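Novice: This is the structure I want to talk about, given as structure tokens.
The values are calculated or read from the model by the stated rules, or taken from the named source; none is laboratory data. What you see is a predicted model, and the numbers here were worked out from it, not measured in a lab. Note that we place each Cβ from the backbone using ideal geometry, even for glycine, and neighbour counts take in every protein chain shown. With ligands, DNA and RNA removed, areas are computed over all heavy atoms of the protein, side chains included. Shrake-Rupley method; radii C 1.70, N 1.55, O 1.52, S 1.80 Å.
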Amino acid sequence: VAKYLKDYRPAPFLIDRVDLEFDILDSHTSVRARMVVKRNPKADASDTLQLDGSAELVAVRLDGEALAPSAWTLADEVLTLPGVPESFILDIETRLEPAANTSLMGLYASNGNLYTQCEPEGFRKITYYLDRPDVMAKFSTTLIADRQRFPVLLSNGNKVGEGLTENRKRHWVKWVDPYRKPAYLFAVVAGKLSVLRDHYTTRGGRKVTLEIYVAPADMDKTAHAMSSLKKSMQWDEQVFGLEYDLDTYMIVAVGDFNMGAMENKGLNIFNTKFVLANRETATDFDFEGVEAVIAHEYFHNWTGNRVTCRDWFQLSLKEGLTVFRDQEFSADMQSRAVKRIEDARGLRALQFPEDAGPTAHPVRPESYIEMNNFYTLTVYEKGAEVVRMIHTLVGAAGFRQGMDLYFRRHDGQAVTCEDFVAAMADANHIDLTQFKRWYSQAGTPVLDVSLDWFAEGGAASLTVRQHCPDTPGQTDKLPFHIPLAVGLLAADGSELPVTLASDDAPGPLTRVLSVTEAEQTFTFVGLNEKPLPSLLRNFSAPVRLNYAYRDEELAFLCAHDSDAFNRWEAGQTLATRELLRLYRGEGEATLSACLIDAFAQLLDHADSDPAFAALALTLPAEVELLELQDHADPARLCQVREQARAELAQALAERWDAAWRRHSGLAFRHEDAGRRALKNLALSYLALLPGGDAGALASQQYQQADNMTDRMGALAALADSHSHARDTLFADFAQRFADEALVMDKWFTLQAGSRRQDVLRTVTALMEHPAFALTNPNKVRALIGAFGRNLAAFHAADGSGYRFMADQVLAIDAINPQVASRLVSCFNRRSRVEPARAELMRVELARVLAHDGLSRDVYEIVSKNLNA
Ligand code: ARG
Ligand code: ZN
């Protein structure tokens, strides 16, 4: 059954306090919850008390009196208690079996330790509760467990007491969280863990103890997370004036985790992937990921915890805003332009397809069957773009004022996306009414832009038309309010002021136009020559933009645009055109000289910004091309892209070789990440040269590597080959890193993503590898998830990829529905592929849907797919 935004009602009861006691025993854990409950004056007085819960219920007591089973009903995970007083104390006792909990929601075991994940609706697996974010209570938690097996006992807030039990074999720790919070922010951790401790003094003088808990063997991989945390704390003070508010900030890393990390108040729980990093085991990309996710969870303390969501439809209130904040943080820590390109590329490769597929939904969804399915790229990444557009419209200072007002109004509250936009609008005295359509209308808007030149008047008019494709349940959308950043280039590559007739002085070199109508014309004046427009600078809105550039104009922008994003963009547009032309078999069967020259130039200037060059010299991803071609044959798309890469390898062979040599053999420095990226890209091109010595170069790089980026670069360059060098390196790697779970994940992923014909056989065999486990989400994503992203293999013409994936989805669904439902989403681009494959996909989906005992999670995704 679906839940609807329009059905929102305030909670009938409120919970003022909850005191929890976890008695951790060998066979099970007993949980006693004592809640102080009262009727919500803002709700309907006739509503009965209904608590969410799915744990084994042992006892219910109301104001100290045990309730007979006849005094309550329990059905469909709802405990109904009719006829309760206006205010009362409710005691609930439940019995949990964390070791048997493979869903990794609620209380679960990993490696003998216990962890929780409660967002969004996991608390109900622990006890019976009003498990909704607008019910905010003060929590205390007492944990009791064996001292030897569970020396570390953690929960939210501050530790207020600890001691031994009578026989001294067990100990207890009590935690009190002084801040009200919804149940989804609750957490406990119990087990044998080592800790890295440090301190941070806030601007206001609070001395905060910082702790990172990991398995003892991983202590040598915690320094980067700690320094990332301190940078995040400092950045939030400087940019937003936000300080930490407890005496301890704890981060715990766990190897079995459904998502990236979780912002539980004072006690973040992280996937090891986003904590552990050292030079030998983590790539530059991994280091970046750790820094970003540590920042993200830290920033949630204000945008998420202090101000939380009224209901789960508002998830983007905290996620979109917090992603925006972590993006800005990362931009300040590294190259802003490179970060923007990475984010836009991710959005286009992953969120645009979601917006065009069967599960498309607005940033603020209107309904859901399983909330876990809505932790999506749309809610997170497009949500962040929506916040960024407000930032673009009001400027950095205006945005800060809006944030200040937001906290002044809503600290301690559970609010809506409307409330956030209202704070931004009010603080800046602007009208964002139309802008709010970004929250309610799904789909990626398309801008069709043209330019007319009036030589006599020295004027150019830019005509912008917008439309948004229909999405499931939404047709005939209204125009969006789109900030369109525009620049104008002269023939000599210089920038011309963007001046409107209404200006009394020359305008800025980049101008943000507010596009609000279905069709709108902007006239620029004071021009002596026909300008070349640079459109949607810095990707100022999450839209697709069409403009009839000539190839030479794109090459010109690629070389001269002052906006780095658009330099990258022009090259990508040119490459996309070429790839689609080759795919369709139009014109010559080789790449145009225009593209090859553009790449040659990029490569000649690469050393001034190697990180940028590495991005610019990478062809658009296959998934992006798939979105642009109806009835696509994915295998052929991959083949065309590979062929284009091979051509670029040959045409620029000496340059790739020189680039690889220039950036090889350097002593490791973190700040050389861009050089490593460029070098490894060069190696991947060199690997495509027929009769080249890439095997030897890669082996040399691998053997001499003093860091994981270079080792992986070497391995990746050979991943598609059948050479002896390849087999030797892969075997060496597996042996060297057999005990490093996260490193083995990389090894799985490279093999699952290979172009080799035998991928499916390899993946099937790897599922038997001792380092693989179907119960571990990281492993499943690394191997099976990566196979699903391997377009050529997944879309094998005989349907073998689809069949394999459907089998795995069903097997994993019985273990962990959340992981299964992510996997099955690789079928969501069914409508883009040619009919024979689409039919094979449909058959497999129908088989999944017909399966007995399918989870809600998978049911929701598959039924939407089949109904689209
Ligand atoms: N709030 C977390 C974050 O974005 C994500 C938690 C999602 N967990 C889940 N099981 N759906 O940082
Ligand atoms: Zn988040």
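Novice: How many percent of the alpha carbon pairs in the range 67-123 exceed a separation of 18 Å?
Specialist: The share of Cα pairs beyond 18 Å in the range 67-123 comes to 52 percent.
Novice: Given a Förster distance of 41 angstrom, what is the FRET efficiency for Glu418 paired with Thr728, based on the Cβ-Cβ distance and rounded to 0.05?
Specialist: After rounding to 0.05, the efficiency reads 0.10.
Novice: Could I ask something else about it? I'd like to check one number: the per residue accessible area of the chain, probe 1.4 Å, reported in Å² as a whole number.
Specialist: 38
Novice: Once the Cα atoms of helix 336-346 and of the chain are each reduced to a long axis, what angle between those two axes, in degrees from 0 to 90 to the nearest 10, is obtained?
Specialist: In the chain, helix 336-346 runs at an angle near 80 degrees to the longest axis.
Novice: Calculated FRET efficiency, Lys230 and Val160, Cβ-Cβ r, R0 30 Å, to nearest 0.05?
Specialist: Working from the Cβ atoms, E equals 0.70.
Novice: Sort 783-791, 53-61 by packing, meaning the average of other beta carbons within 10 Å per residue, with the highest value first.
Specialist: 783-791, 53-61
Novice: Considering every pair of different Cα atoms, what Kirkwood radius, in Å, is found for the range 698-765?
Specialist: Value: 12.1 Å, from the Cα pair sum.
Novice: What does the convex hull of the Cα atoms come to per residue for the range 11-55, in Å³?
Specialist: Each residue corresponds to 66 Å³ of Cα convex hull volume.
Novice: Short version: ³J(HN,Hα) in whole Hz for each residue of the range 749-765, in order, from phi by Karplus 6.51 cos²θ - 1.76 cosθ + 1.60 (θ = phi - 60°), x for Gly and Pro, what are they?
Specialist: My calculation for the range 749-765 gives 4, 4, 6, 6, x, 5, 7, 5, 5, 9, 4, 4, 5, 4, 4, 4, 5 Hz in order.
Novice: Summing +1 for each Lys or Arg and -1 for each Asp or Glu, what net charge is found among the other residues whose Cβ lies under 12 Å from the Cβ of Asn538?
Specialist: +1
Novice: Taking the Cα atoms of the range 399-451 alone, what are Rg (to one decimal) and Dmax (as a whole number) in Å?
Specialist: Taking only Cα atoms of the range 399-451, I get Rg and Dmax of 14.3, 50 Å.
Novice: When the expected Rg is taken as 2.2 N^0.38 Å, what fraction or multiple of it is the alpha-carbon Rg of the range 348-483?
Specialist: Rg over 2.2 N^0.38 Å, computed on Cα atoms: 1.23.
Novice: Holding the Cα-Cα limit at 30 Å, pick out from Lys265/Lys864; Lys42/Lys125; Lys192/Lys318; Lys231/Lys746 the pairs that are longer than that.
Specialist: As for pairs spanning more than 30 Å Cα to Cα, those are Lys265/Lys864; Lys192/Lys318.
Novice: Now, a different point. When the distances between all Cα atoms of the range 183-338 are binned every 10 Å from zero, what whole-number percent does each bin get?
Specialist: 11, 42, 37, 10, 0
Novice: Counting only C-alpha contacts under 8 Å and six or more residues apart, can you give the relative contact order of the range 311-415 as a whole percent?
Specialist: Relative contact order for the range 311-415 comes out at 40 percent.
Novice: While we're on this one: Within the range 420-437, which residues have the backbone N less than 14 Å from the label spot 7 Å out from Glu366 along Cα→beta-carbon, could you tell me?
Specialist: Within reach of a label on Glu366, which here means backbone N under 14 Å from a point 7 Å along Cα→Cβ, the range 420-437 contributes 437.
Novice: What does the convex hull of the alpha-carbon atoms of the range 157-223 project to on average, in nm²?
Specialist: Reported value for the Cα convex hull: 6.9 nm².
Novice: Still on this structure, I have one more. Quick one: 3J(HN,Hα) in Hz for the range 519-527, Karplus 6.51/-1.76/1.60 with θ = phi - 60°, rounded, Gly and Pro as x.
Specialist: Those phi angles translate into 9, 8, 10, 10, 10, 9, 10, x, 9 Hz.
Novice: Taking the 0 to 90 degree range and rounding to the nearest ten, how far is the long axis of helix 653-662 tilted relative to the main principal axis of the chain, both from C-alpha atoms?
Specialist: 50
Novice: Another question about this same structure. Taking the Cβ of Val858 as the center, what net charge do the other residues with Cβ under 14 Å away carry, scoring Lys and Arg +1 and Asp and Glu -1?
Specialist: Summing Lys/Arg as +1 and Asp/Glu as -1 gives -3.
Novice: In the range 27-63, which residues have a backbone nitrogen under 11 Å from the label point lying 7 Å from Asp16's Cα in the Cα-to-Cβ direction?
Specialist: 36-39
Novice: Extending each Cα 7 Å along its Cβ direction at Glu517 and Val239, get the distance between those two points in nm, one decimal.
Specialist: 3.7
Novice: May I pose another question? Assuming 0.36 nm per residue, please report the length gained on full extension of the stretch Glu456 to Asp476 beyond their Cα-Cα distance.
Specialist: Net length gain for the segment: 3.2 nm.
Novice: So, one more: Full-extension gain between Arg197 and Lys6, please, as 0.36 nm times their residue separation minus the C-alpha to C-alpha distance.
Specialist: Between Arg197 and Lys6, full extension yields 64.1 nm more.
Novice: Percent of alpha carbon pairs in the range 1-94 separated by more than 21 Å?
Specialist: 37
Novice: Largest first, please: the extent of the C-alpha atoms of the range 642-748 along each principal axis, to the nearest Å.
Specialist: Ordered largest first, the range 642-748 gives principal extents of 42, 33, 20 Å.
Novice: If I stretch the segment between Asp44 and Arg761 completely, what's the gain in nm (0.36 nm per residue apart, minus their alpha carbon distance), one decimal?
Specialist: 252.1 nm
Novice: When only alpha-carbon atoms are used, what values of Rg and Dmax, in angstrom, describe the range 710-868?
Specialist: 16.2, 48
Novice: With +1 on each Lys and Arg Cβ and -1 on each Asp and Glu Cβ, and nothing else charged, work out how big the dipole of the range 245-312 is about its Cα centre, in Debye to the nearest 20.
Specialist: Roughly 220 debye, rounded to the nearest 20.
Novice: Counting Lys +1, Arg +1, Asp -1, Glu -1, what net charge surrounds Glu21 among other residues with beta carbon under 12 Å of its beta carbon?
Specialist: Around Glu21, the surrounding residues sum to -1.
Novice: Quickly work out the Arg584-to-His670 label distance, labels modelled 7 Å from Cα along the C-beta direction, and quote it in nm with one decimal.
Specialist: In this crude spin-label approximation the distance works out to 4.7 nm.
Novice: Where the centre of each part is set by its Cα atoms, how far does the range 421-493 sit from the range 760-816, in angstrom?
Specialist: Each part reduced to its Cα centre gives a spacing of 41 Å.
Novice: For a paramagnetic label modelled at 7 Å from the Cα of Thr73 toward its Cβ, which residues of the range 82-105 fall within the zone defined by backbone nitrogen distances under 19 Å?
Specialist: 82-85
Novice: Distance between the C-alpha centers of the range 715-739 and the range 268-293? Whole Å please.
Specialist: Centre-to-centre (Cα) distance: 23 Å.
Novice: Further question: Using each residue's phi in the range 257-264, evaluate 6.51 cos²θ - 1.76 cosθ + 1.60 at θ = phi - 60° and report the 3J(HN,Hα) Karplus result to the nearest Hz, with x for Gly and Pro.
Specialist: Running phi through 6.51 cos²θ - 1.76 cosθ + 1.60 with θ = phi - 60° gives 8, 6, 10, x, 5, 9, 8, 2 Hz.
Novice: Under 8 Å for C-alpha pairs, at least 6 residues apart: give me the relative contact order for the chain, rounded to a whole percent.
Specialist: Relative contact order here is 8 percent.
Novice: State the percentage of accessible surface on the chain attributable to carbon and sulfur atoms; use a 1.4 Å probe and exclude ligands, DNA and RNA.
Specialist: Exposed carbon and sulfur together represent 51 percent of the surface.
Novice: Also: Based on the mean of other Cβ atoms within 10 Å per residue, sort peptides 229-242, 822-835, 465-478, 488-501 so the most packed one is first.
Specialist: For the peptides 229-242, 822-835, 465-478, 488-501, the packing ranking is 822-835, 229-242, 488-501, 465-478.
Novice: Shifting gears a bit: With an 8 Å Cα cut-off and a minimum separation of 6 or more residues, compute the relative contact order for the range 309-373 in percent.
Specialist: 44
Novice: Distance from the Cα centre of the range 230-266 to that of the range 552-600, in angstrom?
Specialist: What the calculation gives is 42 Å, centre to centre.
Novice: So how do Ser110, Ser27 rank on accessible area, 1.4 Å probe, biggest first, that is with the largest at the start?
Specialist: Descending accessible area places them as Ser27, Ser110.
Novice: Would you calculate, for the chain, the mean residue ellipticity at 222 nm contributed by helices, counting each DSSP H stretch of 4 or more residues as -39,500 (n - 2.57) and dividing by all residues, to the nearest 500?
Specialist: Estimated from H runs of four or more residues: -11500 deg cm²/dmol.
Novice: Over the range 527-594, one equal point on each Cα, no solvent: what is log10 I(q)/I(0) by the Debye formula at q = 0.11, 0.17, 0.27 Å⁻¹?
Specialist: -0.30, -0.66, -1.24
Novice: From zero up to wherever the largest Cα-Cα distance of the range 357-399 sits, split into 5 Å bins and tell me the percent of pairs in each.
Specialist: For the range 357-399, the binned pair fractions read 6, 21, 25, 17, 12, 10, 7, 3 percent.
Novice: Stick to Cα atoms and the Kirkwood definition of Rh, then tell me Rg/Rh for the chain.
Specialist: Ratio of gyration radius to Kirkwood radius: 0.97.
Novice: Taking the 0 to 90 degree range and rounding to the nearest ten, how far is the long axis of helix 383-410 tilted relative to the main principal axis of the chain, both from C-alpha atoms?
Specialist: 30
Novice: Dipole of the range 683-790 (Lys/Arg Cβ +1, Asp/Glu Cβ -1, origin at the Cα centre): which of Ser699, Gln735, Gly788 lies farthest to the positive side?
Specialist: Of the candidates, Gly788 comes out farthest on the positive side.
Novice: Using alpha carbon coordinates only, what is the Rg to Rh ratio of the range 428-571, with Rh defined as the Kirkwood radius?
Specialist: 0.98
Novice: Further question: Would you mind getting me the FRET efficiency between Ser27 and Leu849? Use the beta-carbon distance for r and R0 = 51 Å, nearest 0.05.
Specialist: With a Förster radius of 51 Å, E is 0.85.
Novice: Further, regarding this structure: Modelling each spin label as a point 7 Å along the Cα-to-Cβ direction, I'd like the Thr576/Ala331 distance in nm, to one decimal.
Specialist: Result for the modelled spin labels: 2.1 nm.
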